[in-house]
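Worksheet: the structure to be examined is printed underneath.
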Amino acid sequence: MSSLPAKVSGLGVALLLLSGCASGAGAADPGATGGTLELVVSETCAAGSAPECVDVNGEYVRVPSAGFSRAGVESVAVATDQAGNAVDVTLTSEGAGVLESATTEAAQAGGDARLVIKAGGEVLTAVAVGQPFEGEHFLLALPPELSAEAFTERVGRG
């Protein structure tokens, strides 16, 4: 069991991946049980270069209309022990496999690759992935304009 985070960098939203053995300590209601996150590996692009090239948290990224994999979420709750706006996410074992596969692909794809993450049909972020992630539990830092409470509702609708 490791308590050191595997880091994933990105603009706007940072996905701070923690050990699959991490506890949910510090998480509090409101929370959601079930739901999904949608993931796809894509790439950065020049503004206006294609219709699917959109601004995601200040960076232009190709966001395809299809091809997203669904990672099942066991639970998500507002992370109260973190500075800032974050949620504590626990994936199902199948969802963890989807995340591991997507982060492996993104890490191997090079510097322009981005892992696009959607919830409730809305793109939340596109992050650069430095290394693959293994585990079911992580902390997701959210952009200031998206409240942790609103995020938990979106995941539940996904």
Residue-normalised accessible area of segment 46-158, given per residue in Å² at a 1.4 Å probe: 44 Å²
Packing-based ranking, highest mean first, of 72-80, 145-153 given that Cβ atoms within 10 Å are counted: 72-80, 145-153
Segment 44-158 pair-distance distribution - Cα-Cα, 10 Å bins, rounded %: 14, 43, 37, 6, 0
For peptides 65-71, 138-144, sequence by mean Cβ density within 10 Å, most packed first: 138-144, 65-71
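The values are calculated or read from the model by the stated rules, or taken from the named source; none is laboratory data. Every value quoted in this text rests on a predicted model; they were computed, and no experiment measured them. When we count neighbours, we look across all protein chains shown, and the Cβ atoms used for this are built from the backbone with ideal geometry, even at glycine. Just so you know, the surface numbers come from the protein's heavy atoms only, side chains and all, with ligands and any DNA or RNA stripped out. Shrake-Rupley method; radii C 1.70, N 1.55, O 1.52, S 1.80 Å.
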